[in-house]
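To keep things clear, I will list the structure first and then write my remarks on it.
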Amino acid sequence: MIITVTLNPAVDKTVEINNVQINSVNRVSSIRLDAGGKGINVSKIILSLRGQSKALGFLGGRAGTFIKNYLDEMHIDNDFVMVNGETRTNLKIVDPMQHTNTDINEMGPQITPKDIEEIEKQLLQSVNDKAIIVFSGSVPPNIEPNIYQKWINQVKEKGGKSILDADGEIMRLGIAAGPYLIKPNIHELERLLGRKITTIDEVIKASRSLMQEYGIEVVVVSMGGDGALFLNKEVTILAEGLVVEVKSTVGAGDSMVAALAYALDNGETFEKSVTLAVAAGTANVMTHGTEPSSLEIIQELEKKVQWKYL
């Protein structure tokens, strides 16, 4: 069973503008609205893979109602805590002429201690030794950054596996609890370590160090066009990036996390999880906004994934 936790979901409003000009009037050529937030994006791709997940988190206001209806219409199981205030709207500006993607993200509503107690109760009631919990993304402004750390420890006590995909202080505190899998991108890894990483060997050394220090079983580092590194206790695999037409980079990492969670839930081999994660992440950049990619495209891309042991 896969459970995704999105404490700071959003309506993703993606607008396409040809040749964006600062300090000028810009005309929108297309627009789309999606239910967003990293955990919700994970649930959408798990559905594309013909898997099942349950989405948890906080929702509020009209934007929250939009997300709830969106997930219900897609038949994604969900059980959100409804809060006062308005779920945020994140603006994604895509300029196909300049090949840029600009994100303008709101902060999100205030969350009360009672809200946190309620979602914690929902989460822990759902966890057993077969559960895979995906903790991803930012947290609302008044929630302590150690919230994932606390829940990862509780999930471990119940025999479940946690996947952590976050940044900054939330990531730093979260890994101290020893999640089963972490998936930083190269820039998040650099921020975590507080230094620049310039070679593959440095990525491997840093990842192995984190695994040894915190008891992490799997580290996946996405490196954009340079591909991705996948490490467990036995092997290190470098997967090459696939060259495709990029429509939007938003949610590519979430798609990789979804594929990793799906493969783990289905008992797939490590090598299978590598090809599926690369294919899902690549398929995502071929779609607009945070629109989920199709299973057919992911399966076609899987055939093209190339990787090697290091």
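Just so it is clear, none of the values below were taken in a lab; they were calculated from the coordinates. Keep in mind the model is a prediction, meaning the values are calculated, not measured. Ideal geometry is used to build each Cβ from the backbone, glycine not excepted, and the neighbour counts take in all protein chains shown.
Quick notes
- Treating r as the C-beta distance of residue 65 and residue 130 and R0 as 41 Å, the FRET efficiency rounds to 0.80.
- Maximal additional length on extending the residue 176-residue 21 stretch stands at 51.4 nm, based on 0.36 nm per residue less the C-alpha distance.
- Spacing of the two label points (7 Å from each Cα toward its C-beta) at residue 100 and residue 235, in nm: 4.2
- Distance between the C-alpha centres of the range 131-151 and the range 73-128: 12 Å, rounded to the whole angstrom.
- Spacing of the modelled spin labels on residue 198 and residue 79, each 7 Å from Cα toward Cβ, amounts to 5.1 nm.
- About the Cα centre, charge dipole magnitude for the range 97-180 (Lys/Arg +1, Asp/Glu -1 at Cβ), debye: 380
- Taking the Cα centre of the range 201-310 as reference, the dipole from Cβ charges on Lys and Arg (+1) and Asp and Glu (-1) amounts to some 140 debye.
- Taking 15 Å as the straight-line reach from the Cα of residue 158, the aspartates and glutamates in range (excluding those fewer than 8 positions away in the same chain) are 120, 129.
- The lysines within cross-link reach of residue 156, meaning a Cα-to-Cα straight distance under 17 Å and a gap of 8 or more places when in the same chain, are 121, 130.
- Within the range 62-209, antiparallel bridges make up roughly 40 percent of the DSSP beta bridges whose residues both belong there.
- Using the Cβ-Cβ distance between residue 209 and residue 150 with R0 set to 25 Å, the FRET efficiency from 1/(1 + (r/R0)^6) comes to roughly 0.55.
- Residues residue 246 and residue 304, FRET efficiency given R0 of 22 Å [Cβ-Cβ distance, rounded to 0.05]: 0.90
- Three semi-axes of the equivalent ellipsoid, the chain, Cα gyration tensor, whole Å, largest first: 27, 25, 19
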